[in-house]
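A short write-up of the structure that comes next.
Throughout, read-outs are computed from the coordinates displayed, never taken from laboratory work. If you're wondering where the values come from, they're calculated on a predicted model, not measured in any experiment. With ideal geometry, Cβ positions are generated from the backbone for all residues, glycine too; neighbour counts draw on all protein chains shown.
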Amino acid sequence: MKKSVLFVDDDQNMLDALRRMLRPMSQEWDQHFVRSGDEALVVLACNNVDVVMTDMRMPGMDGGQLLKIIQEARPDVVRIVLSGHADYNMVMRSVKQAHQFLTKPCSADDIRETLERAYNLRRILTNESAKNIVSRIETLPSLPDLYLRVVEEVQKEDGNLGTVARIISEDPAMTAAILKMVNSSFFGFFRPLTNPAQAVNLLGTEIIKGLILSAHLFSVFDFSRFPRYSMDVLVDHSLATGRIASAIATFEGMPPEMVDECFIAGMLHDVGKLILASRFEVEYLGILATVRNENRTVWEVEREVLATSHAELGAYLLGLWNLPGAVVDALAFHHEPGLAGCGRDFTPLTAVHAANALEHELRIINKDYAQHPPDPAYLEHMGLTSHLPQWKELCSAIYSQQNGQD
């Protein structure tokens, strides 16, 4: 079956340009072009559309209103805004309805890559039951406004770290959450950081962006309904996994960009648990009870009950948010790295898989949960079996540093 995309823009010249740009993709993609939200809804009612890409500023039904209707009626459709800089305020008002944002003018390659990435997310959801679970979730968390503002500043030719810090400081709750995380012992700073400028200068914008996403996701989940599920413990585990993953990547001589990706993927590797627990509360309470009573792993029982796991769902969310493919893969396969088909190259998946397992091994949070050590077959395939003792030493050193600081 061909993939299908719907473009919505009241500017016929823009639609004609898109049609010309994307003609080489016509063998793979059914392409629909309409000039209004009403026309778009007709197309959606009559066709199996995978992706909608819409302008924001249109007469009658604007892009935000259209996306809200699609979000409610067809939550399985990937929703992308393609709009001009002048529409920034309107885009911000519609942040909860859109998964991704592209700015005009946009090249054919940018659009093609965005469409392919959006569609390929479906490979993460391995069966129809898993896709059903996603479609039952009325709303997945949206990218926080603060994150989009930081990204916009970083992408400017004259963007600077001072402005990034100022943007963060305008949100007191996010500032407090970020400073709480960066002042945890896992970062190993000798004195507390007291403002966003210090955090941005010491950690860089990529890590800060990851912290914003993490703080946002933890803030939208109500842990009060899960008395045996501690947010502080989950945050600590996430930060520790990110720290260990980045240390492993550094030890293996990976470039700084990949080290940052390893930290971000490690920090976000369990966000799917938040989504499952908040959207399927009754089922998830039962899952946790089964894990404790039968000494099993969380992800195996999740898949048994819901036909998907927190790993796949977290990856699906980050993919919708257009995070790097290596980060998405690290989330999707961090329990089963051999299924990723990544060859023998060291990737964030390698680091996060090992870091997650080693962190659980070193710090047993719940003795009733089954342990899941690093996959020996995967390590052998990667030629990294002999590295495992050194990774364990790194992990122990990080905890020794933490305990010394505490």
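Gain in length, residue 195 to residue 304, computed as 0.36 nm per residue apart minus the alpha-carbon separation, to one decimal in nm?
Details: separation 109, 0.36 × 109 = 39.24 nm, distance 4.47 nm.
Residue separation times 0.36 nm, minus the Cα-Cα distance, leaves 34.8 nm.
At 0.36 nm per residue, and after removing the present C-alpha to C-alpha distance, how many nm does the segment from residue 377 to residue 73 gain when stretched out fully?
Result for the pair: 105.1 nm of gain on full extension.
Could you tell me which residue out of 372, 244, 351 lies farthest along the dipole of the chain toward its positive end? Charges go on the beta carbon: Lys and Arg +1, Asp and Glu -1, centred on the Cα centre.
372
Residue 241: net charge of surrounding residues, Cβ under 14 Å, Lys/Arg +1, Asp/Glu -1, itself excluded? Display every interim value, and only then the final one.
Numbers: positive: 243, 273, 363; negative: 236, 261, 270, 359, 361.
Taking every other residue near residue 241 into account, the sum is -2.
With only alpha-carbon pairs counted, each pair once and no self-pairs, how large is the Kirkwood hydrodynamic radius of the stretch 285-348 in angstroms? Please report the intermediate quantities before stating the final value.
Values: mean 1/r = 0.0782 Å⁻¹.
Radius from the Kirkwood sum: 12.8 Å.
For the chain, treating each Cα as an identical point scatterer without solvent, what Debye log10 I(q)/I(0) comes out at q = 0.12 1/Å?
-1.01
Across bins of 10 angstrom width beginning at 0, how are the C-alpha pair distances of the stretch 155-283 distributed, in whole percent?
12, 40, 34, 13, 2
May I ask for the equivalent-ellipsoid semi-axes of the stretch 220-405, computed as the square root of five times each C-alpha gyration tensor eigenvalue and listed largest first in whole Å? Please report the intermediate quantities before stating the final value.
Details: eigenvalues 130, 68, 52 Å².
Those come to 25, 18, 16 Å.
Determine the gain in length on full extension of the stretch residue 173-residue 289; use 0.36 nm per residue of separation and subtract their C-alpha separation, reporting nm with one decimal.
Numbers: separation 116, 0.36 × 116 = 41.76 nm, distance 3.31 nm.
Between residue 173 and residue 289, full extension yields 38.5 nm more.
If the cut-off is 15 Å between C-alpha atoms, which aspartates and glutamates fall inside it for residue 209, apart from same-chain ones fewer than 8 positions away?
Partners within reach: 145, 152, 153, 171, 257, 260, 261.
Taking the mean number of other Cβ atoms within 10 Å as a proxy for protection, how do you rank 327-336, 346-355, 143-152 from highest to lowest? Don't jump to the answer; show the numbers that get you there.
On the way: 327-336: 25.8, 346-355: 28.5, 143-152: 19.3.
Ranked from most to least packed, the peptides come out as 346-355, 327-336, 143-152.
Can you sort 264, 212 by how many other beta carbons sit within 10 Å, fewest first?
212, 264
Starting from the Cα of residue 65, step 7 Å along the direction of its Cβ; do the same at residue 225; then give the gap between the two resulting points in nm.
Distance between label points: 3.3 nm.
Mind sorting 67, 288 by how few other Cβ atoms lie within 10 Å of their own Cβ, fewest first? Numbers along the way, then the final one.
Numbers: 67 25, 288 21.
Fewest to most other Cβ atoms nearby, the residues stand as 288, 67.
Using only the Cα atoms of the stretch 3-123, what are the Rg and Dmax in Å?
In order Rg, Dmax, the Cα atoms of the stretch 3-123 give 13.0, 37 Å.
Return the long-range amide H neighbours of residue 33 (sequence gap of 5 or more, or a different chain), with a cut-off of under 5 Å between placed amide H atoms.
7
Quick one: if you stick a label point 7 Å off each Cα along the C-beta vector at residue 202 and residue 400, how many nm between them?
Distance between the two pseudo-spin positions: 2.2 nm.
Rank 25, 105, 337 by how far each Cα sits towards the positive end of the charge dipole of the chain (+1 on Lys, Arg Cβ; -1 on Asp, Glu Cβ) and give me just the farthest.
Of the options given, the answer is 337.
Given charges of +1 on the Cβ of Lys and Arg and -1 on the Cβ of Asp and Glu, with all other atoms neutral, how large is the dipole of the chain about its Cα centre, in debye to the nearest 20? Present the calculation step by step, with values, prior to reporting the outcome.
Working: 37 positive and 53 negative charges, 77 e Å.
In total the dipole reaches around 360 debye.
For a footprinting-style exposure proxy, rank 219, 142, 400, 83 by other Cβ within 10 Å, fewest first.
Working: 219 13, 142 21, 400 10, 83 25.
Fewest to most other Cβ atoms nearby, the residues stand as 400, 219, 142, 83.
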